[in-house]
Amino acid sequence: MPATAPLGYYWGDDSYGVSRGPDALATRLAGDGPPLDRVRLSGAATSADEIAEKVATATLFGGGTLVVVLDPAPLVATKALAARLTEALAAVAPGNGMAFLDTVDGTARRPASLEALRKAVADAGGEVREFIAPTRDQMARWIGDRARERDIRISPAAAALLAERVGANVRERDVDRRRQGELAVAELEKLALYRLDGQIGPDDVKALVADAVPGSTWAFLDAVGMRRAGEAAELADRLEDVPAPLLVTHLHRRVKELIDIADLLASGTPAATLVRILKLNPYRAQRLAEQARTWALPELDAALVGLLDLDATLKGHAGGDLRRRAAVSLWIADYVRRPGAR
């Protein structure tokens, strides 16, 4: 059913798509007249009354006003606030519009208050659209589509390499992909300035686009579990936003899981039975069993004891990121690296 009200709600984990969601609404509201004047407000720094004030009066000359609200969660934090904002939806004068931008991380559970706001916009006849970040298999084509929109020529191989450079090839589900689209477009436009009169090729991407593979806690823990020490050390450096105590907690949990599974496997428990005993989904049970087989039980016990020393080192001394990286790298070298490996 086509939207009929001057309202929009655009949400999802693709910040590029979400930010451009109101474009179609603005075009529809402007019709054959002048474009609307866009006013961007933050939900944390505005109120329903301020929003209503900006859209409640029809303009006499020129285009109308489209109020775009970023992160509306604070505006619906209580029932009273939500009710006031719902009232503001009905106060939009002809020629004006109101849109909400709600970028999520793709993993967190959405608050019921935002679901209610989205439903209110839809029930009022507004446009509601979800924008999902391109997956690993979709990003190269997505980049090609953005290039065509801008009359930029880029080879399929270059688009695939650009997708890899912005982190699209990382499979782990805990990676924050919200900014990948924006980063890809920014790099695409930079490449277009470099290659004004020709097609962008892989060598151009290699020369101009830095590797921005995002940090992934799951990828790091899997590298530790598989005893890929070099990869684990590299991924650990990318987890600078993860507090040191939390990183140690993640490591402790993974090593403890591997000890439990290694014990069960050593006692002759079939790998398929791990799903029931440890209450794991089949895929995770398979991955952990594969990792446990790369360790001997004494090695896992030693790694667990080493984590106690690592925790004490990180808590007992100040030294910033350099000390943290050195301590984590040393733990990986001492306990994750296979015996005899360099």
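Computed from the coordinates by the stated procedures, all read-outs in this text should not be read as laboratory data. Not measured: the values here are computed from a predicted model. Cβ atoms come from the backbone with ideal geometry, glycine included; neighbour counts cover every protein chain shown.
Ranking of Ile259, Ile200, Ile332 by neighbouring Cβ atoms within 10 Å, starting from the fewest: Ile259, Ile200, Ile332.
Candidate cross-link partners of Lys79 among the lysines, defined by an alpha-carbon separation under 19 Å and a same-chain spacing of 8 or more, comprise Lys119.
Of the residues Ile51, Leu81, Leu183, the one whose Cα sits farthest towards the positive end of the charge dipole of the chain is Leu183 (charges of +1 on Lys and Arg Cβ, -1 on Asp and Glu Cβ, taken about the Cα centre). The charge dipole of the chain, taken about the Cα centre with unit charges on the Cβ atoms of Lys, Arg (+1) and Asp, Glu (-1), comes to about 700 debye, rounded to the nearest 20. So I have (1) 69, 49, 44; (2) 83, 44, 35; (3) 79, 57, 45, and one of them is Cα extents along the principal axes in Å calculated from this model. Which one is it? The value matching this structure is (3). Net charge dipole, the range 1-159: roughly 280 debye, given to the nearest 20, about the Cα centre with Cβ charges of +1 for Lys and Arg and -1 for Asp and Glu.
Please give the helix 180-194 orientation as an angle from the longest Cα principal axis of the chain, in degrees from 0 to 90, rounded to the nearest 10. With both axes taken from Cα atoms, the answer is about 80 degrees.
Arranged by the count of other C-beta atoms within 10 angstrom, fewest first, what order do Val275, Val68, Val224 take?
Val275, Val68, Val224
In straight-distance terms, cross-link reach from Lys256 covers every one of the lysines whose alpha-carbon lies under 29 Å from its own, apart from those fewer than eight places away in the same chain; here that gives Lys279, Lys315. Over what distance in Å are the Cα centres of the range 9-30 and the range 223-301 separated? Answer, in whole Å: 42.
Shown for Phe131, Phe100: other C-beta atoms within 10 Å of each C-beta, ranked fewest to most, produce the order Phe131, Phe100.
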